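Okay, so here's the structure we're looking at.
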Amino acid sequence: MDGLEREWGDKAGVMLLNVQDPDAKPLLDELGFRYTPTFILFDSAGNEVWRAVGSLDPDEVNQQLNALN
């Protein structure tokens, strides 16, 4: 995630959510978050366009982000 944030930081926002924080529960419920780690990509309108659960493939994330540009 750090590498992707450095690469895409000027074009995409990265939000890390602590699932142990009780204040995060409403957002976790709204997003249908069930497992950690979960990575969700939203377009500029706030629509979910991609989701991955488990390990993250940086190449796949880059491909998805490039498709949005």
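Here the condition is being touching a residue at least 12 places away in the same chain (Cβ under 8 Å), outside any helix (DSSP H, G or I) and loosely packed, with under 13 Cβ neighbours inside 10 Å; of 14, 49, it holds for 14 alone. Evaluated against (1) farther than 15 Å from residue 1 by Cα; (2) exposed (fewer than 11 other Cβ atoms within 10 Å of the Cβ); (3) at pLDDT below 90, residue 22 falls short on exactly one condition, (3).
In region 17-46, which residues are outside any loop (DSSP other than H, G, I, E, B) and hydroxyl-bearing (Ser, Thr, Tyr)? So that I can check it myself, show each step before the final result.
Within region 17-46, the first condition is being outside any loop (DSSP other than H, G, I, E, B), and the residues that meet it are 22-31, 38-42.
Correct list: 38 only.
For region 37-69, a residue qualifies if it is over 17 Å from residue 2 (Cβ atoms) and of a type in the set (Ser, Thr, Tyr), and the qualifying residues are 38, 44.
The values are calculated or read from the model by the stated rules, or taken from the named source; none is laboratory data. Everything quoted here is computed from the prediction, not taken from an experiment. Neighbour counts run over all protein chains shown; Cβ positions are idealised from the backbone, glycine included.
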